[in-house]
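Beneath this line is the structure, given in structure tokens, with notes to follow.
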């Protein structure tokens, strides 16, 4: 074996090792050091009120509408106490003729809608082939939601000879 040929790979190995030790290891060592804590904020007076949230600016210029605070939710069951999906639920202010909200129950017979508080509402359930039912809900400031349950009764079928 020729000794000069064996020294060439050792030279490359030595240079590579020195490169790794000199350049790469300090990077790993810096990454392992803990991040210094952020500077302590200057202390505010104890009697200062909490800061109000900054108003959101919109690039489109539209205002975001406020979500009504009161939640009316409920479940509609059929005469056999099974959830009844697809039932029309209408909501209007008490004493008004026109309905303001119109929704349908989901696959589990449930519905939910947010309405402004401080008003009394009438919730009317109108399923086909069942009697219409209604309940009054007082959307007051003390509560944030009202849960309703409707158990439907079948409408009496028309007898033979009577108009439908």
Using Cα-Cα distances under 8 Å and only pairs 6 or more residues apart, what relative contact order does the stretch 70-151 have, in percent? 38
Give the shape of the stretch 70-151 as rounded, prolate or oblate, defined through the alpha-carbon gyration tensor: a ≥ b ≥ c are the square roots of its eigenvalues, a/c under 1.5 means rounded, and otherwise the shape is prolate if a/b is larger than b/c and oblate if not. prolate
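Every read-out reported here was derived from the displayed coordinates using simple, explicitly stated rules and does not represent laboratory data. No experiment lies behind these values; they were computed from the predicted model shown.
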